[in-house]
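The structure under discussion appears below in the form of structure tokens.
Where a number appears in this text, it was derived from the coordinates with a stated rule and is not lab data. Computed from a prediction, not measured in an experiment: that's the story for all the values here. Note that each Cβ is placed from the backbone with ideal geometry, even for glycine, and that neighbours are counted across all protein chains shown.
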Amino acid sequence: MRLYPPAPVLTRVTSAPVELAGHTIGPGVLINMPIFAIHRHRKLWDDPERFDPERFTPEREKKLLRTQFMPFGFGQRICIGMSFAMIEATVLLAMLVRGAHFAWDGHHAPEPVSRVTLRPKGGMPLIVTHIA
């Protein structure tokens, strides 16, 4: 969710003038927030390219800025499907881990392609073995 957020970019339109990095942005301007880049920013994350679930232990998660990790957006327009997506992902993962073993084929590295959502170019071929 951090390295490959489902929504790699969020867009908003300013409703009033906004001061950003010493510049005034007028109302009606389209703003792009690069979630993919924020989740990999070296000033926000130690070793940002590394997958490390320990980053999100309860004690470490308390230290994160609210807009440091936002795979489903934030604020009033946070994704309405966030809760469902997290429950669905947890259930699917539990079912898959219990009944199958997944291994990387050793050849296809994920190359992210940004559309409405983030997807791996050409899919993500895996070797799947049924666990009896």
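Across segment 111-118, coupling constants 3J(HN,Hα) worked out from phi with the 6.51/-1.76/1.60 Karplus curve, θ = phi - 60°, read 10, x, 10, 8, 10, 5, 10, 8 Hz, and Gly and Pro carry x.
Each Lys or Arg adds one and each Asp or Glu subtracts one; over the other residues with Cβ under 14 Å from the Cβ of His108, this totals 0. Distance between the modelled labels on His23 and Glu88, one decimal in nanometres: 3.7 nm (7 Å Cα→Cβ projection).
Average projection, convex hull of the Cα set of the chain: 10.7 square nanometres.
Across the alpha-carbon set of segment 91-132, the Rg to Rh ratio works out to 1.07, Rh being the Kirkwood radius. For segment 84-93, backbone phi angles converted through the Karplus equation (6.51, -1.76, 1.60; θ = phi - 60°) give residue-by-residue couplings of 4, 4, 5, 5, 4, 4, 5, 5, 4, 4 Hz, Gly and Pro being listed as x.
Within segment 25-111, the chymotrypsin sites (Phe, Trp or Tyr not before Pro) that combine a DSSP coil assignment with at most 13 other C-beta atoms in a 10 angstrom radius are Phe51. In order along segment 47-55, phi translates into HN-Hα couplings of 6, x, 7, 8, 7, 8, x, 5, 4 Hz, rounded to whole numbers, per the Karplus curve 6.51 cos²θ - 1.76 cosθ + 1.60 with θ = phi - 60° and x for Gly and Pro.
Summary value for segment 10-130: 14 percent relative contact order, contacts being C-alpha pairs under 8 angstrom separated by 6+ residues.
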